[in-house]
Amino acid sequence: MESTPQEVSMEKKRCPVCQSLNTEKHGSFRSYSLKASGKRQHKIQRYYCLNCHRSFSKRTGVKGTKRCEPSLIFKAANLYCNAEASYRAVGRQLHVRPYQIFLWLNELGSNCKSFEEVAHELSPQYFGYLVADGTTIFIKGEKNQLLLTADAESQDVPYARLSQSEDYDNWKMTLLRLRDKIHYPAKGAVIDGDPGLLRALKEVFPGIPIQLCVRHLHNYHVYHLKYQFQGPKEGIEPFLDITHRMLYAKNSGHLHYLFEEYNAMRNFLIESRLEAEILNFESKFGFIWTHFRYPGLPRTNNIIEGIIDQLKHKITDCHGFEYADTAWNCLKLIIMNYRFHKFTCSRIKGHNGKSPLELAGANIQGINWIKFSQKNQH
């Protein structure tokens with residue numbers, strides 16, 4: 001019984017040069033690919049074309065053949081994000097050049113899902129108390145700003161954006177996307193006093209209660225009176241003492257008692273040439289004790305500062321970026337890892353053993369964060 005043309009093509013390898021099926025096996029050679037457990041050897045069959053007299057293998061004509069398995073790339077990403085390791089340290093452990101580690105991670109970051117895609121796929125449910133702040137990212141020696149938003153209850157980062165500056169326009173764009181793309185149910189916000197952020201919040205989420213970070217306000221008082229104030233010194237300590245106790249009042253009853261003490265010494269503070277400082281402090285009364293009326297709303301933005309500190313471990317390792325796109329690729333991957341990483345030393349009851357996304361109600365059981373992060377699965 002004669003073989004069909006299809007059966008012949010299955011037995012023979014077509015020559016990639018002349019397309020002839022008149023070929024035969026012509027020895028083999030060994031190659032290898034890198035995987036997480038080490039090198040993996042492969043036997044590659046070679047063939048010889050009896051028509052054009054050229055030899056070839058299945059790799060002939062294939063450019064950029066990847067010789068590293070996804071498991072190795074994933075291991076590199078985990079080491080870089082979770083072990084506080086540099087490109088050099090990861091490369092040394094995996095026997096790969098540091099620049100290759102950078103290329104892998106940059107590709108993962110470039111292919112990383114957007115915040116909108118994560119929200120759509122995992123449907124996190126947020127309580128609605130928003131904390132927002134920015135941190136400096138250097139690109140070619142120039143300051144840029146990573147604008148971050150976080151949910152106070154879960155400490156998840158529903159949206160972040162890299163911009164050239166931390167101003168009203170960039171904050172408004174960030175908050176608009178948080179509202180319209182992520183559908184964040186904002187019920188209140190904590191800010192550090194940035195006027196651009198305050199204005200943007202009032203426009204994008206009109207009517208929500210706003211809490212001014214009392215830690216930032218106290219730090220401003222200390223810095224201003226220590227380095228900028230030119231008046232007499234006798235009123236400084238009493239002013240710092242009473243304002244600090246008011247900022248950290250235990251409850252509204254305690255605050256009422258402290259107000260009586262404050263009013264009793266107000267004239268003395270004015271006579272000590274602290275009138276401008278007093279008026280500045282009093283102008284913020286409407287934003288300092290908002291948390292008393294809304295249980296669960298933090299009085300500081302320590303939550304977002306803590307998140308920034310965790311991200312900074314990796315951002316600082318980079319010593320700045322050369323290009324905005326590689327910076328954003330790296331930041332997306334670091335933030336994605338943070339959202340899936342389980343807390344281990346949190347002081348908040350019920351947080352340890354859970355990730356921010358889990359605390360936001362997302363079901364991530366059995367999900368590999370790196371595989372999930374990719375728009376096109378490796």
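Each value in this text was obtained by applying a stated rule to the coordinates, not by laboratory testing. In this text, all values refer to a predicted model and were calculated from it rather than measured experimentally. Cβ placement follows ideal geometry from the backbone for every residue including glycine, while neighbour counts extend to all protein chains displayed.
Electrostatic bookkeeping for L122 treats Lys and Arg as +1 and Asp and Glu as -1; over the other residues with beta carbon under 12 Å from its beta carbon, the sum is -3. Using just the C-alpha positions of the range 292-342 as equal point scatterers, what log10 of I(q)/I(0) does the Debye formula give at each q in 0.15, 0.17, 0.21, 0.26 1/Å? Debye output, listed in q order: -0.54, -0.63, -0.81, -1.03. Of the listed pairs K181/K371; K143/K284; K140/K172; K284/K342; K314/K375, which have alpha-carbon separations greater than 32 Å here? In this structure, K284/K342 exceed 32 Å between Cα atoms.
Just to confirm the filter: which chymotrypsin sites (Phe, Trp or Tyr not before Pro) across the range 266-326 are DSSP coil and have at most 11 other Cβ within 10 angstrom of their Cβ? Hits after loop and neighbour filter: Y323. Computed log10 I(q)/I(0) for the range 190-303 at 0.12, 0.23 Å⁻¹: -0.45, -1.35, from the Debye equation with unit scatterers placed on every C-alpha and solvent omitted.
Springs join every pair of Cα atoms under 10 Å in this Gaussian network model of the chain, and among E24, E121, E237 the largest mean-square fluctuation is at E24.
The GNM of the chain, with springs linking C-alpha atoms under 10 angstrom apart, assigns the highest mean-square fluctuation among S28, S252, S154 to S28.
For the range 273-378, applying the loop criterion from DSSP together with a ceiling of 11 other beta carbons within 10 Å to the GluC sites (Glu not before Pro) yields E322.
Taking every DSSP beta bridge that has both ends in the chain, the antiparallel portion is near 75%. Ranked by the mean number of other Cβ atoms within 10 Å of their residues, highest first, the peptides 189-198, 95-104 come out as 189-198, 95-104. Computed from Cα positions, the angle between helix 168-180 and the longest principal axis of the chain comes to roughly 70 degrees.
Of the residues F229, F74, F239, the one that moves most in a GNM of the chain with alpha-carbon contacts below 10 Å is F229. Axis angle, to the nearest 10 degrees, between helix 195-204 and the longest C-alpha principal axis of the chain: 70 degrees. Divided by 2.2 N^0.38 Å, where N counts the residues, the Cα radius of gyration of the range 70-110 comes to 0.97. The relative contact order of the range 70-110, computed from alpha carbon pairs under 8 Å that lie at least 6 residues apart in sequence, is 35 percent.
Only one residue of P206, N352, G231 has its Cα farthest out toward the positive end of the dipole of the chain, where Lys and Arg carry +1 and Asp and Glu -1 on Cβ, and that residue is N352. Look at the alpha carbon pairs under 8 Å that are at least 6 residues apart: their mean separation over the length of the chain gives a relative contact order of 17 percent. Using the Cβ of R273 as centre and a radius below 13 Å, the other residues enclosed give a net charge of -3, where K and R count +1 and D and E count -1.
Residue-wise HN-Hα couplings along the range 349-361, as the Karplus relation 6.51 cos²θ - 1.76 cosθ + 1.60 with θ = phi - 60° gives them from phi, are 4, x, 8, 4, x, 10, 8, x, 5, 5, 5, 8, x Hz; Gly and Pro carry x. Each 20 Å bin from zero holds the following percent of Cα-Cα pairs in the chain: 22, 41, 23, 9, 4, 0. Dipole of the chain (Lys/Arg Cβ +1, Asp/Glu Cβ -1, origin at the Cα centre): which of N263, N302, H53 lies farthest to the positive side? Farthest along the dipole direction, towards plus: H53.
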